[in-house]
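I have placed the structure first, in the form of structure tokens, so that the comments after it can refer back to it.
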Amino acid sequence: MSLRPLAAASLMALAVVLIGTLGYVFLEGWSFLDAIYMTIISLTTVGYSEARPLSPVGRIFTMILLMFGVGLILFLVTRVNETLIEGNIRRVLGRRRMDRTITRLKGHFIICGYGRLGQKIDSILVSRGLETVIVERSAAVTAKLEEKGRRYILGQATDDEILVRAGIERARGLVAGVNSDADNVYIVLSAREMRPDLFILARTAEPAAARKLLRAGANKVVSPVEIGARRMAQSILQPNVTDFLDLAMADDRQVAVQMEELIVGPRAQLAGLPLKNSGIRAELNLIVVAIMQADGQMKYNPGPDDTIEKGATLITIGPADKLGRLAELLDSTPGQTKLNHNQAAGPRTRVQA
């Protein structure tokens with residue numbers, strides 16, 4: 001319900017109180033206290049005795065005040081009740097609808113913490129067509145998320161029950177991105193215990209905490225400070241390389257050149273063919289940078305005789321429209337590559353900085 005009618009009614013009620021008070025002051029010669037007292041008990045119909053005996057003019061004024069003022073006060077009270085009740089009902093029903101939506105999600109990502117880092121991660125994943133559930137402890141932040149129609153759980157991500165509500169049993173991955181390294185360690189421990197096969201990405205502010213996060217069960221640990229410093233240094237040392245990588249890894253799906261990783265699906269038309277016979281380079285004008293086999297082994301700069309195996313992941317770069325065509329030939333979906341078992345549950349020894 002809009003608050004504008006409620007605000008207008010409130011101003012009108014204050015105006016009636018003011019008019020009634022001034023009326024008794026000028027018509028009856030009462031003090032301000034007696035006048036406002038008489039106005040309030042008249043409008044609220046409490047039935048107290050008059051502050052002072054009224055003259056005939058004062059009685060006529062009181063009747064007019066009652067006819068216009070009591071109705072306005074009742075209207076104001078009704079609107080306040082409607083606003084409070086309907087607002088609560090809308091909030092409860094909206095929360096229930098969101099909870100039902102979350103229980104139906106499968107293969108989504110849980111983002112713990114919706115600070116600047118969490119917002120950017122969520123934005124990129126959503127732009128790629130992926131589903132996310134945000135876990136945030138700030139009611140002020142979740143209020144804004146509700147306005148945007150984003151799925152969220154209000155609570156501490158360190159609480160197992162909150163992770164269950166976020167659908168950790170059906171999730172594809174989890175991002176432990178709160179500001180506290182200690183909380184991130186606890187989140188990773190809880191998530192790993194609940195889902196041994198879950199892919200977990202953790203943020204760290206201090207390099208010393210990275211080892212703890214890895215031991216707790218994180219698959220990868222990212223230090224935004226280290227990444228930012230490295231990127232800035234590379235922009236000085238190798239500006240053209242940095243610009244090219246920024247272009248290839250851009251969030252905008254409309255850019256001309258992109259880098260993509262595509263898993264070779266069970267119905268892939270190119271499965272079993274060597275790269276030289278696949279047409280990836282000659283017909284699609286794409287470059288295969290690396291091939292990661294299903295067992296997690298990575299081969300960089302594969303040769304023409306290397307075979308495209310089912311379950312492998314091809315890391316390719318080239319025109320965006322050609323990448324879409326390759327995804328069809330590989331029975332894959334750009335931006336929605338499945339995390340294989342070795343990525344999710346293999347040796348956790350990587351710290352990205």
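Does ARG52 satisfy the criteria of being open to solvent by 30 Å² or more (accessible area, probe 1.4 Å), of a type outside the set (Val, Ile, Thr) and touching a helix residue (DSSP H, G or I) at 6+ places or on another chain (Cβ under 6 Å)?
Working: open to solvent by 30 Å² or more (accessible area, probe 1.4 Å): yes; of a type outside the set (Val, Ile, Thr): yes; touching a helix residue (DSSP H, G or I) at 6+ places or on another chain (Cβ under 6 Å): no.
Judged against the criteria, ARG52 is not a match.
Please tell me if ALA191 is of a type in the set (A, V, I, L, M) and at pLDDT below 95. Before the answer, list the steps.
Numbers: of a type in the set (A, V, I, L, M): yes; at pLDDT below 95: no.
In short, no.
I'm checking my understanding of the structure. Among residues of the range 291-309 that are in a strand (DSSP E or B) and touching a Pro at 6+ places or on another chain (Cβ under 7 Å), which one is surrounded by the most Cβ atoms within 10 Å (Cβ to Cβ)? Show your work before the answer.
Taking the range 291-309 first, the residues in a strand (DSSP E or B) are 291-292, 298-300, 307.
Pick out the ones that are also touching a Pro at 6+ places or on another chain (Cβ under 7 Å) and you get 291, 307.
Details: ILE291: 22, THR307: 15.
Only one residue fits best here, namely ILE291.
May I ask you to list the residues in the range 58-117 that are at pLDDT 85 or above, within 31 Å of the chain's Cα centre (by Cα), in a helix (DSSP H, G or I) and of a type in the set (Val, Ile, Thr)?
THR101, ILE102, THR103
What is the number of the single condition among (1) open to solvent by 50 Å² or more (accessible area, probe 1.4 Å); (2) touching an Asp or Glu at 6+ places or on another chain (Cβ under 9 Å) that HIS108 does not meet?
In the conditions (1) open to solvent by 50 Å² or more (accessible area, probe 1.4 Å); (2) touching an Asp or Glu at 6+ places or on another chain (Cβ under 9 Å), HIS108 misses (1) alone.
Collect the residues in the range 135-159 that are part of a helix (DSSP H, G or I) and charged (D, E, K, R), keeping them in residue-number order. Spell out how you get there, then give the answer.
To start, the set of residues in the range 135-159 that are part of a helix (DSSP H, G or I) comprises 139-148.
Selection gives LYS144, GLU146, GLU147, LYS148.
Can you pull out the residues in the range 131-140 that are under 21 Å from ALA191 (Cβ atoms) and open to solvent by 20 Å² or more (accessible area, probe 1.4 Å)?
Initial filter on the range 131-140 (under 21 Å from ALA191 (Cβ atoms)): 131-138.
Across the range 131-140, the qualifying residues are GLU131, GLU136, ARG137, SER138.
Taking the conditions exactly as written (more than 30 Å from VAL175 (Cα to Cα) and touching a residue at least 60 places away in the same chain (Cβ under 8 Å)), does ARG267 satisfy them or not?
Taking the combined requirement at face value, the residue satisfies it.
Only residues that are open to solvent by 40 Å² or more (accessible area, probe 1.4 Å) and more than 17 Å from ALA15 (Cβ to Cβ): list them for the range 56-71, please.
If the condition is that a residue be open to solvent by 40 Å² or more (accessible area, probe 1.4 Å) and more than 17 Å from ALA15 (Cβ to Cβ), then PRO56, VAL57, ARG59, ILE60, MET63 are the ones that fit.
Look at ILE315 and say whether it is without any contact (Cβ under 8 Å) to a residue 40 or more places away in the chain, surrounded by 18 or more Cβ atoms within 10 Å (Cβ to Cβ) and assigned to a strand (DSSP E or B). Even if it seems obvious, please write down each step before you answer.
Values: without any contact (Cβ under 8 Å) to a residue 40 or more places away in the chain: no; surrounded by 18 or more Cβ atoms within 10 Å (Cβ to Cβ): yes; assigned to a strand (DSSP E or B): yes.
In short, no.
The values are calculated or read from the model by the stated rules, or taken from the named source; none is laboratory data. The shown structure was predicted, so the numbers you read here are calculated from the model rather than taken from an experiment. Glycine gets a Cβ as well: all are built from the backbone with ideal geometry, and neighbour counts include every protein chain shown. In case anyone asks, the SASA skips ligands and DNA or RNA and just uses the protein heavy atoms, side chains included. Shrake-Rupley method; radii C 1.70, N 1.55, O 1.52, S 1.80 Å.
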